[in-house]
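The values are calculated or read from the model by the stated rules, or taken from the named source; none is laboratory data. The shown structure was predicted, so the numbers you read here are calculated from the model rather than taken from an experiment. Don't worry about glycine lacking a Cβ; one is built from the backbone with ideal geometry, like all the others, and counts go over all protein chains shown.
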Amino acid sequence: MLSLAEKVYMVAALFTLGSALIWMGFLFYYCYRKLDVVLGFLENCIEIEAHKFLIEVGPWGRVYLLGRAAGLFIMPGFYLRRGTVDAGDLEKFPPRLKKQLVLLYGFSFPLTFIMLVLGLIAQLDLV
């Protein structure tokens, strides 16, 4: 029989794994359905144009390219100071799609952290 700590660990691990799979589903949806729209609005950005060849690399190239685009909205000041993004492109980008990209990549950080913590707990035999 499982102890309470083992049950809690198992539920947390299953919830995290399920959340990660759902997140990956949304990620690949955006990569294959919305990436062309995103690239259309960011046509004057050097940061995106330099990596546009990644579309042909495969699914992970698309994920990387979408992540670069989301990074432009997460830290716009950094890219504006470097001169690799056009301020006009950032302004004309649809606010709803911008929010969706930021949220999509924002969820990756807590999921990764939780998976690392769960892995550390399992590695140290704390459960």
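Some points to look at:
- In region 1-20, the residues that are farther than 17 Å from THR112 by Cα reach residues that are at pLDDT below 95 with C-beta atoms within less than 7 angstrom, at least six apart or across chains, in these pairs: ALA5/VAL127; GLU6/VAL127.
- Filter result (more than 12 Å from LEU90 (Cα to Cα), buried (at least 16 other Cβ atoms within 10 Å of the Cβ) and in contact (Cβ under 8 Å) with a residue 40 or more places away in the chain) within region 28-54: TYR30, LYS34
- Candidates ARG62, ARG81 - the one that is under 13 Å from the mean Cα position of the chain (by Cα) and of a type outside the set (A, V, I, L, M, F, W, C): ARG62
- Hits in region 118-127 (condition: surrounded by 11 or more Cβ atoms within 10 Å (Cβ to Cβ) and of a type in the set (A, V, I, L, M, F, W, C)): LEU118, ILE121, ALA122, VAL127
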